[in-house]
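What follows is a set of notes on a single structure, which appears directly below.
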Amino acid sequence: MKFNQYCLDIFCPKMPYDLTIMVDDCFVIKKAKINNTCSKFCINTKNKKLKIFARYNKQIVCKTIYLNNNSCENICVNFLFNTKLFQRTFNTIFLCDANYGFPVLRAMLNFGSKISN
Amino acid sequence: MANYNVTIINGSGSQTMETGEYTVSAIYAPGYDMSTLAPATYTATSTSSTGEFTISASGTLSIIFNETGEEGGNPINFGSVVMTNSTGETQYGEVVKIDSNGLATFNNVPYGSTQSAYTLYFKQLTSDDNHNIYPNVFAVGMGDQTQTEYIENTLKSVLQNFTLTDANYAGLPVYNAGLKFEGDDTGE
């Protein structure tokens, strides 16, 4: 089985993101941090299947591409993230005495275990 | 998973947070029972938002108003006192009545330790007819869970007018004299 070259045009509006290209479900052939919205990578493989992972801010999107054995084929891949999932807003927190209403002098509150989005 | 510790200084703090719903707990609140923090959840919305929390303490402060400002002094009969800020301009909580033993009790106040007391401020609003209210905002350092403080209410001095006339010639005012009045210090 011969090697074919495939060129990937990858679009990802969020950056920097971590790109991982895998063939045959287990062999990583490229792993990089990408700082461009549009990127182009050419790979040589004799495998029939590519998996491309983009990781941005804890969110991972995976694309599976089945190769058709044609060399020099351009493959377009778009990664879109749910940015609302990671939207950050400014929050002001007030802490008062429950019985008298005066502001508590010093304290630290933990906001943890995010329940839902 | 998002997790934030927010420092509160003088009643407020701020934090940029991912939107979503969070469980909230107190991990540091000197003088307070951290398990009483309420509410226990907070929702960070897609716009800047505000969270209002309360926390409760379990100290008890007894303030006795009497004529010496020390243990054993003659107490006032009634009056009122309120917790304030350090200047006395802002009142916190309900006005507390002073009873017939001169006692006003503040429950659920924060307290620290002997080395690091929690300072609270109070202002006396009224006293009985025979005593002057304590004129200033006074501070109490709560170093123990249960504490008693004494505040002085001096006896009122009321202007009295006297006449002194000759006993044999009615209406003849004595030209110049000095009278001495000695009381029994009971205030009655």
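The values are calculated or read from the model by the stated rules, or taken from the named source; none is laboratory data. None of these values were measured; they are calculated from a predicted model. So basically every Cβ, Gly included, is an ideal-geometry build from the backbone, and we count neighbours across all protein chains shown.
Based on what the data block shows, is residue B:25 without any contact (Cβ under 8 Å) to a residue 12 or more places away in the chain, at the interface with chain A (Cβ under 10 Å from one of its Cβ atoms) and on the phi < 0 side of the Ramachandran plot?
Answer is no for this residue.
Please go through (1) closer than 19 Å to residue B:7 by Cβ; (2) at the interface with chain A (Cβ under 7 Å from one of its Cβ atoms); (3) modelled with pLDDT of 95 or more for residue B:56 and return the number of the only condition it doesn't satisfy.
Failing condition for residue B:56: (1).
Assess whether residue B:80 counts as being outside any strand (DSSP E or B), assigned by TED's automatic domain parsing to the domain that holds residue B:147 and at pLDDT 95 or above.
No, not satisfied.
Just name the residue that is nearest to the chain's Cα centre (by Cα) out of those in the range B:105-126 that are more than 14 Å from every other protein chain (Cβ to nearest Cβ) and part of a strand (DSSP E or B).
Going through the qualifying residues, I end up with B:124.
Let's see how each residue does on (1) under 22 Å from residue B:71 (Cβ atoms); (2) of a type in the set (Val, Ile, Thr); (3) within 40 Å of the chain's Cα centre (by Cα); (4) surrounded by 11 or more Cβ atoms within 10 Å (Cβ to Cβ):
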residue	(1), (2), (3), (4)
B:128	yes, no, yes, yes
B:147	yes, no, yes, yes
B:156	no, no, yes, yes
B:161	no, no, yes, no
B:167	no, no, no, no
B:177	no, no, no, no
B:180	no, no, yes, no
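Somewhere in the range A:86-105, is a residue assigned to a loop (DSSP other than H, G, I, E, B), more than 7 Å from every other protein chain (Cβ to nearest Cβ) and either over 30 Å from residue B:57 (Cα atoms) or modelled with pLDDT under 90 (or both)?
No: the range A:86-105 contains no residue that is assigned to a loop (DSSP other than H, G, I, E, B), more than 7 Å from every other protein chain (Cβ to nearest Cβ) and either over 30 Å from residue B:57 (Cα atoms) or modelled with pLDDT under 90 (or both).
If residue B:139 meets every condition in (1) within 13 Å of another protein chain (Cβ to nearest Cβ); (2) part of a strand (DSSP E or B) apart from one, which number is that one?
Failed condition: (1).
Mind checking which residues of the range A:1-49 are among the polar types (S, T, N, Q) and free of Cβ contacts under 8 Å to residues at least 60 places away in the same chain?
A:20, A:35, A:36, A:37, A:39, A:44, A:45, A:47, listed by residue number.
Please verify whether the range B:135-144 includes one or more residues that are among the aliphatic types (A, V, I, L, M) and surrounded by fewer than 18 Cβ atoms within 10 Å (Cβ to Cβ).
Yes; the residues of the range B:135-144 include at least one that is among the aliphatic types (A, V, I, L, M) and surrounded by fewer than 18 Cβ atoms within 10 Å (Cβ to Cβ).
Here's the yes/no breakdown for (1) more than 16 Å from the chain's Cα centre (by Cα); (2) modelled with pLDDT under 85:
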| residue | (1), (2) |
| --- | --- |
| A:26 | yes, yes |
| A:38 | no, no |
| A:57 | no, yes |
| A:67 | yes, yes |
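Quick check on residue B:66: is it within 7 Å of chain A (Cβ to nearest Cβ) and touching a Gly at 6+ places or on another chain (Cβ under 8 Å)?
Answer is no for this residue.
Somewhere in the range B:122-131, is a residue within 19 Å of residue A:105 (Cα to Cα) and either touching a Phe, Trp or Tyr at 6+ places or on another chain (Cβ under 9 Å) or among the aliphatic types (A, V, I, L, M) (or both)?
Among the residues of the range B:122-131, at least one is within 19 Å of residue A:105 (Cα to Cα) and either touching a Phe, Trp or Tyr at 6+ places or on another chain (Cβ under 9 Å) or among the aliphatic types (A, V, I, L, M) (or both), which makes the answer yes.
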